[in-house]
Amino acid sequence: MPHSSKKYRKQAASAARSSSGSRTLTYAIVAVIVVVIAAAAGWYVYTNYLGTSTSTTTVASNNSLIYAKIYTSVGPIEVELFATQTPQTVANFVNLSKTGFYDNLVWHRIVKGFVIQTGDPTTRNGGGNRATWGEGGSPHTIPLEIVPSLHNDYGYLGVARASSPNSGSSQFYINLANNTNLDGQYTVFGKVISGMNYALEIANVPVNSQDQPITPIYMTNVTILSGGP
C-alpha cells in the first residue's frame, strides 16, 4: 500500500505538472487571441479614421470658392461668385465665360450712382444697332434664384432680365449703390472683391440719352480663376 501510495503521488504530481502546463498553454493562446483582437480593432479604428479624413478632404475640395476676373477697357474687376446659393446662375455665367461669349462686349447701360450693365452679344466690338442694345442675350435662359440673405448692395452683381422672372440669360449688372429696391426681382449671384474703382470709372464716362457710352467701353474677357460647376 505505501508503494502504491508513492506511485499514486508520482502520478498525481505528473498529472499536476501536466495540468499546469495545459493551463499555461491555454493562457498563452488566450493572450495571443486578445492581442490579435486588439490589433484588429486598432487597425479598424485607424483605417476608419483615415476614411473619414479622406472623405472630409474630398468634400472640402468640392466646395471650393469660385472667382472670376472681368477684364474691361479700364482695368480688371475681380468677383466672387455665389455658387452654393445660386448654382444655376453661376453655372451659366461660368459656361458663357469659358466659351468666350463675353469677349469684347460693350457696357451698354451706364447709370452713374445706380448700375453698369453688359452681356448683350449684339454689342460685340461696338457694332450692331444701338437702338437694340440691351435686347440681346444667350440662347438659354435661367430661372430666377432669389436668396433672402443676398441683396443688391454696392458692388454686388445681379442678373438683368426682361419682364418674365425667368428670362435672365447673359446680361448682368454691377450695383453702384445699395439698390435694395431691386431685391426679390433680380438674382444676386456675386460681389466685387477688387477693382471696384474700375467699375466707378466706367460709370463716369459720357453717355447719351439712352444711357449708352458715347465712346464704347468694353468687357474684353471674363476668366474663371478657380473652381466651376
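The values are calculated or read from the model by the stated rules, or taken from the named source; none is laboratory data. Keep in mind it's a predicted model, so treat the numbers as computed, not measured. Because the Cβ atoms are built from the backbone with ideal geometry, glycine has one as well, and the counts that use them run over all protein chains shown.
Just to be sure I understand the filter: pairs with C-beta atoms under 7 Å, separated by 6 or more residues or on different chains, first member in the range 77-104 and in contact (Cβ under 8 Å) with a residue 60 or more places away in the chain and in the same structural domain as V222 (by TED's automatic domain parsing), second member of a type in the set (S, T, N, Q) and in a helix (DSSP H, G or I). Which pairs pass?
Cβ pairs passing all conditions: N104/N125.
Report, by residue number, each residue of the range 121-165 that is under 26 Å from the mean Cα position of the chain (by Cα) and of a type in the set (D, E).
Initially, the range 121-165 is screened for residues under 26 Å from the mean Cα position of the chain (by Cα), giving 137-161, 165.
Matches in the range 121-165: E145, D153.
Since L96 meets every condition but one in (1) farther than 14 Å from G190 by Cβ; (2) not in a strand (DSSP E or B), which condition does it not meet?
(1)
Give the residues of the range 190-229 that are in a strand (DSSP E or B), touching a helix residue (DSSP H, G or I) at 6+ places or on another chain (Cβ under 9 Å) and among the hydrophobic types (A, V, I, L, M, F, W, C), sorted by residue number.
Matches in the range 190-229: V192, V222, I224.
Could you tell me whether L176 is at pLDDT 95 or above, closer than 15 Å to W107 by Cβ and either of a type in the set (G, A, S) or in contact with a helix residue (DSSP H, G or I) (Cβ under 6 Å, 6 or more places away or on another chain) (or both)? Steps first, please.
Numbers: at pLDDT 95 or above: yes; closer than 15 Å to W107 by Cβ: yes; either of a type in the set (G, A, S) or in contact with a helix residue (DSSP H, G or I) (Cβ under 6 Å, 6 or more places away or on another chain) (or both): yes.
Taking the combined requirement at face value, the residue satisfies it.
Would you confirm whether or not the range 112-120 contains a residue that is in contact with an Asp or Glu (Cβ under 7 Å, 6 or more places away or on another chain), in the same structural domain as S209 (by TED's automatic domain parsing) and within 19 Å of M196 (Cβ to Cβ)?
No, the range 112-120 has no match at all.
Restricting attention to the range 156-177, and to residues there that are among the small types (G, A, S) and in a strand (DSSP E or B), which single residue is surrounded by the most Cβ atoms within 10 Å (Cβ to Cβ)?
G168
Got at least one residue in the range 146-155 being farther than 12 Å from H108 by Cβ, surrounded by fewer than 16 Cβ atoms within 10 Å (Cβ to Cβ) and of a type in the set (D, E)?
yes
How many residues does the range 178-229 contain that are in contact (Cβ under 8 Å) with a residue 40 or more places away in the chain, closer than 23 Å to G127 by Cβ and β-branched (V, I, T)?
So the answer is 6.
Going residue by residue through the range 108-118, is there one that turns out to be in a loop (DSSP other than H, G, I, E, B), among the aromatic types (F, W, Y) and surrounded by fewer than 18 Cβ atoms within 10 Å (Cβ to Cβ)? Explain how you work it out, then say what you get.
First, pick out the residues of the range 108-118 that are in a loop (DSSP other than H, G, I, E, B): 108, 112-114.
Filter once more, so that each one left must be among the aromatic types (F, W, Y): 114.
Applying the additional criterion that residues be surrounded by fewer than 18 Cβ atoms within 10 Å (Cβ to Cβ) yields 114.
Yes, the conditions are met somewhere in the range 108-118.
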